[in-house]
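Peer 1: Sending over a structure as structure tokens; questions will come in a sec.
The values are calculated or read from the model by the stated rules, or taken from the named source; none is laboratory data. The structure displayed is predicted, hence computed values, not measured ones. When we count neighbours, we look across all protein chains shown, and the Cβ atoms used for this are built from the backbone with ideal geometry, even at glycine. All accessible areas refer to the heavy atoms of the entire protein, side chains included, with ligands and DNA or RNA removed. Shrake-Rupley method; radii C 1.70, N 1.55, O 1.52, S 1.80 Å.
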Amino acid sequence: MITDKPVCVTGASGFIAAHIVRQLLEQGYSVRGTVRKSPKNYPFLLGLPGASERLELVEADLLSNGAYDRAVDGCEYVMHTASPYQINVKNPQTDLVDPAVNGTETVLESCLKSHSIKRVIFTSSIAAITDEPDSTKVFNEKDWNTMSSLERNPYHYSKTLAERDAWDFIMRKRPTFDLVAINPFMVVGPSLGPSLNTSNQILRDILIGVYPCIMDINWGFVAVQDAAQSHILAMETETASGRYLCSGEAMDMKTLVALLSSSGFDAYSLPKLDLSGKIGSLLMKVLSFTQPRNTGVYIRTNIGRTMRYDNAKIKRELGISFKPVKESIIDAVKDMVQWGHLPPQKNNK
Ligand code: NDP
């Protein structure tokens with residue numbers, strides 16, 4: 001343990017953050033988590049082992065100035081995870097960009113005021129690295145997403161602006177604390193709380209037939225436990241610095257569907273029609289215009305492109321070793337059935 005002061009985790013109710021809280025408590029840390037509603041609404045956090053002695057929940061909203069002053073007061077480490085994670089929103093500016101960017105500024109301002117903070121660990125995303133895979137390139141921490149906008153992949157835009165703003169804050173204000181960013185790819189695995197996370201939802205959607213066919217699209221996956229542990233290692237590793245691309249192996253949709261099918265989930269409505277060839281990709285680009293606006297843009301900027309990335313820095317500097325992706329995907333599916341996000345299969349397999 002590197003601090004006996006509470007570790008502040010913003011957005012503690014979130015999918016990744018709840019695992020951070022659990023692991024911090026398991027390791028003996030005290031935690032101050034921020035939530036948007038009254039603490040009694042989060043029994044899954046209050047019931048974690050160690051929570052009754054060492055977890056405090058305080059209310060804070062990213063859109064309210066000074067909201068995090070009390071939350072970070074007296075802490076040495078802050079993990080800023082809170083940010084809206086949704087693909088289709090009505091108003092990208094107010095629903096995504098404002099809370100992500102202004103919220104980051106608000107949290108960092110509170111850290112500046114507190115004088116006790118040593119490091120802020122900022123949950124960024126692969127979205128701040130790119131929104132468009134390039135089959136000829138291997139992405140790493142030096143890459144920045146320069147293509148997203150309010151019209152094009154606005155979630156990616158919100159994450160890019162928020163991370164840029166955080167680094168800019170450090171340059172402008174020269175605080176006594178430093179900043180480390182964790183940039184996870186698609187985080188999957190069991191959820192500690194009842195909400196269905198957007199990344200697990202993609203797996204659910206593939207299983208329940210939302211995707212009518214197999215597309216030439218691929219993702220990097222990281223187990224939620226590993227994403228959480230990366231935040232803690234970034235806090236504990238004194239020499240940690242800069243950004244950390246956080247992802248295990250990549251998997252394309254065809255392999256993912258085959259994995260789900262061979263893992264006993266074939267009674268769901270997995271897509272059978274294979275449109276992962278060149279002609280299929282062209283067809284999918286046309287069909288993407290029938291999807292909700294931002295899903296359509298996402299398909300058009302990702303289809304037919306192989307995403308490759310280098311995760312050597314996080315393994316080397318933070319010492320993380322990633323869980324096998326297949327295991328995390330299967331864990332996620334079983335967990336969604338348990339929470340009722342997925343119906344049990346008809347043949348009860
Ligand atoms: P969740 O949606 O589960 O968590 C988001 C958290 O942010 C929730 O606690 C939510 O609170 C909080 N939040 C949203 N808006 C506000 C607001 N206006 N004020 C205060 N809190 C707010 O998503 P994840 O756990 O997946 O995401 C956590 C972080 O990780 C985000 O920054 C996301 O961009 C990033 N990330 C996620 C990836 C993934 O695959 N899941 C991949 C890469 C990065 P509430 O519960 O009240 O809604």
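Peer 1: For the full complex of protein chains and a 1.4 angstrom probe, list MET336, MET147 by accessible area with the highest value first.
Peer 2: Ranked from most to least accessible, the order is MET147, MET336.
Peer 1: Would you mind giving the three semi-axes, in whole Å and largest first, of the ellipsoid equivalent to the stretch 47-162 according to its Cα gyration tensor?
Peer 2: Over the Cα atoms of the stretch 47-162, the ellipsoid semi-axes are 29, 17, 14 Å.
Peer 1: Continuing with the same structure: Keeping all protein chains in position, work out how much accessible area ARG32 exposes to a 1.4 Å probe, and write it in Å² to the nearest 10.
Peer 2: 30 Å²
Peer 1: Is there a quick way to get the dipole size of the stretch 150-213? I mean about its Cα centre, with the Cβ of Lys and Arg at +1 and of Asp and Glu at -1; what is the value in debye to the nearest 20?
Peer 2: I would put it at about 140 debye.
Peer 1: What spacing in nm lies between the two simple spin-label points modelled at GLU56 and ASN88, each 7 Å away from Cα in the Cβ direction?
Peer 2: Output for this residue pair reads 4.2 nm.
Peer 1: Something else about it: Quote to one decimal, in nm, the extra length available between ASN41 and LYS254 on full extension: 0.36 nm per residue of separation minus the C-alpha distance between them.
Peer 2: Difference between extended and current length: 72.7 nm.
Peer 1: Please check which bits of the stretch 318-347 a label hung off ALA267 would reach, taking the label as a point 7 Å along Cα-to-C-beta and the cut-off as backbone N under 12 Å.
Peer 2: 343-347
Peer 1: Got a sec? Charge dipole of the chain, +1 on Cβ for Lys and Arg, -1 for Asp and Glu; which of SER64, ALA312, HIS231 is way out at the positive end?
Peer 2: ALA312
Peer 1: Here's another thing I want to ask about it. Just need the relative contact order of the stretch 1-101 here, percent rounded to a whole number, with Cα pairs under 8 Å and 6+ apart.
Peer 2: It rounds to 32 percent for the stretch 1-101.
Peer 1: When the Karplus curve 6.51 cos²θ - 1.76 cosθ + 1.60 is applied with θ = phi - 60°, which whole-Hz ³J(HN,Hα) does each residue of the stretch 108-124 get, with x for Gly and Pro?
Peer 2: For the stretch 108-124, the Karplus curve yields 5, 4, 5, 5, 4, 5, 6, 6, 9, 6, 9, 8, 10, 9, 9, 7, 9 Hz.
Peer 1: Going by alpha carbons, how many degrees (0 to 90, nearest 10) lie between the helix axis of 278-287 and the longest principal axis of the chain?
Peer 2: 70 degrees
Peer 1: While we're on this one: Mind listing the Cα extents of the stretch 156-278 along all three principal axes, in Å, largest one first?
Peer 2: Result, largest extent first: 55, 32, 25 Å.
Peer 1: Then there is this: Report the far tail of the P(r) of the stretch 87-140, meaning the percent of Cα-Cα pairs longer than 14 Å.
Peer 2: Tail of P(r) above 14 Å: 69 percent of Cα pairs.
Peer 1: Return the ratio Rg/(2.2 N^0.38 Å) for the stretch 120-159, where Rg is computed over Cα atoms only.
Peer 2: 1.19
Peer 1: Could you tell me which of TYR29, ALA267, PRO184 has its Cα farthest along the dipole of the chain towards the positive end, charges placed at Cβ (Lys, Arg +1; Asp, Glu -1), taken about the Cα centre?
Peer 2: ALA267
Peer 1: How large is the accessible surface of ILE16 in square angstrom, using a 1.4 angstrom probe and rounding to the nearest 10?
Peer 2: Around 30 Å² of this residue is reachable by solvent.
Peer 1: Bin width 10 Å, origin at 0, all Cα-Cα pairs of the stretch 225-309: what percent of pairs per bin?
Peer 2: 14, 29, 31, 19, 8, 0
Peer 1: Moving on to the next point. With charges set only on the Cβ (+1 for Lys and Arg, -1 for Asp and Glu), what does the dipole of the stretch 83-193 come to about its Cα centre, in debye to the nearest 20?
Peer 2: 380 debye
Peer 1: Mean projection of the alpha-carbon convex hull of the stretch 134-207 over all orientations, in nm²?
Peer 2: 8.0 nm²
Peer 1: To the nearest 10 square angstrom, how much accessible area does LYS159 have with a 1.4 angstrom probe?
Peer 2: Its accessible surface works out to 10 Å², give or take rounding.
Peer 1: Continuing with the same structure: Looking only at the chain, where both bridge partners belong to it, what percent of the DSSP beta bridges are antiparallel (to the nearest 5)?
Peer 2: 10 percent
Peer 1: Turning to a different aspect of this structure: Between THR198 and SER241, what length comes free when the chain is fully extended (0.36 nm per residue of separation minus the Cα-Cα distance, one decimal in nm)?
Peer 2: Taking 0.36 nm per residue and subtracting the Cα distance, the gain is 12.6 nm.
Peer 1: Hey, any idea what the orientation-averaged projected area of the convex hull of the stretch 298-349's Cα atoms comes to, in nm²?
Peer 2: 6.5 nm²
Peer 1: Also, quick follow-up: I want the local charge near VAL7. Using Cβ-Cβ distances under 9 Å, sum +1 for each Lys or Arg and -1 for each Asp or Glu among the other residues.
Peer 2: With Lys, Arg at +1 and Asp, Glu at -1, the neighbours total +1.
Peer 1: Cross-link partners among lysines for LYS137, C-alpha distance below 20 Å, same-chain residues fewer than 8 apart left out?
Peer 2: LYS278, LYS313
Peer 1: How many angstrom lie between the Cα centre of the stretch 256-322 and the Cα centre of the stretch 175-208?
Peer 2: 16 Å
Peer 1: Shifting gears a bit: Show that you can apply the helix-only estimate: for the chain, add -39,500 (n - 2.57) for every DSSP H stretch of four or more residues, divide by all residues, and state [θ] at 222 nm to the nearest 500.
Peer 2: About -11000 deg cm²/dmol.
Peer 1: Continuing with this model, one more query. With no solvent and one point on each alpha carbon, what is the Debye value of log10 I(q)/I(0) for the chain at q = 0.13 Å⁻¹?
Peer 2: -1.01
Peer 1: Still on this model: For the stretch 1-26 and the stretch 103-118, what is the centre-to-centre distance using only Cα atoms, to the nearest Å?
Peer 2: The two parts, judged by their Cα centres, are 17 Å apart.
Peer 1: Given Cβ point charges of +1 (Lys, Arg) and -1 (Asp, Glu) and nothing else, what value in debye, to the nearest 20, does the dipole of the chain about its Cα centre take?
Peer 2: That gives a dipole near 560 debye.
Peer 1: A follow-up question, please. Normalising by the residue count of the chain, find the relative contact order in percent from Cα pairs under 8 Å and 6+ residues apart.
Peer 2: That works out to 18 percent.
Peer 1: Oh, and also: Give me the net charge for the shell around LYS113: Cβ to Cβ below 13 angstrom, other residues only, Lys and Arg +1, Asp and Glu -1.
Peer 2: Surrounding charge for LYS113 is -2.
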